[in-house]
């Protein structure tokens, strides 16, 4: 498990689905400000959780936050689902993105984790498709994100 890095596919998924919402400042720079994600959490940059009074950040700072957040997600995935370390890199990328998006605590308590650890990959896709709700409703962005993760399972 040591020496594994965050898969580039996980970085790409997180950047694509989180986006970088920024405004142009009076100084000509572009900065992201805190906002509430559909799940109701204060975030900034590429989905980094923060306090509502967090100062604005540049895209470079947002990328640094994202890298640190994805490294935490990677550590959680390798701890909770160790078999993915030796599998196809797409599986690891999919689970890292899922964990970044939904949180390690949710992965830890999920049926998804049980299916991954028993290597029932055909059912893993079904389990991922269950994680499309925020605020009690299905979000099209989460549906698209889970499908993108599922597409990586065989890679």
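If I filter segment 26-60 down to residues being part of a strand (DSSP E or B) and within 19 Å of the chain's Cα centre (by Cα), which single residue comes out as surrounded by the fewest Cβ atoms within 10 Å (Cβ to Cβ)?
Pass one, segment 26-60, residues part of a strand (DSSP E or B): 30-32, 35-36, 42-44, 48-49, 57.
Remaining after also requiring within 19 Å of the chain's Cα centre (by Cα): 32, 35-36, 42-44, 48-49.
Working: 32: 23, 35: 13, 36: 10, 42: 15, 43: 19, 44: 25, 48: 21, 49: 15.
Residue satisfying both the conditions and the ranking: 36.
Looking only at segment 106-118, count how many residues are under 24 Å from residue 49 (Cα atoms) and either out of contact with any helix residue (DSSP H, G or I) (no Cβ under 9 Å at 6 or more places or on another chain) or part of a loop (DSSP other than H, G, I, E, B) (or both).
Kept after step one, since they are under 24 Å from residue 49 (Cα atoms), are these residues of segment 106-118: 106-110, 112-113.
Filter once more, keeping what is either out of contact with any helix residue (DSSP H, G or I) (no Cβ under 9 Å at 6 or more places or on another chain) or part of a loop (DSSP other than H, G, I, E, B) (or both): 109-110.
Adding up the residues that qualify gives 2.
Residues in segment 119-133 that are touching a residue at least 24 places away in the same chain (Cβ under 8 Å), outside any helix (DSSP H, G or I) and buried (at least 17 other Cβ atoms within 10 Å of the Cβ): 131 only. Filtered by the rule that a residue be more than 13 Å from the chain's Cα centre (by Cα), surrounded by 15 or more Cβ atoms within 10 Å (Cβ to Cβ) and part of a helix (DSSP H, G or I), segment 86-98 gives 89, 90, 91.
A short reminder: the numbers here are calculations on the coordinates, not readings from a lab. Remember, predicted model here, so these are calculated numbers, not experimental data. Virtual Cβ from ideal backbone geometry, glycine too; neighbours counted across all protein chains shown.
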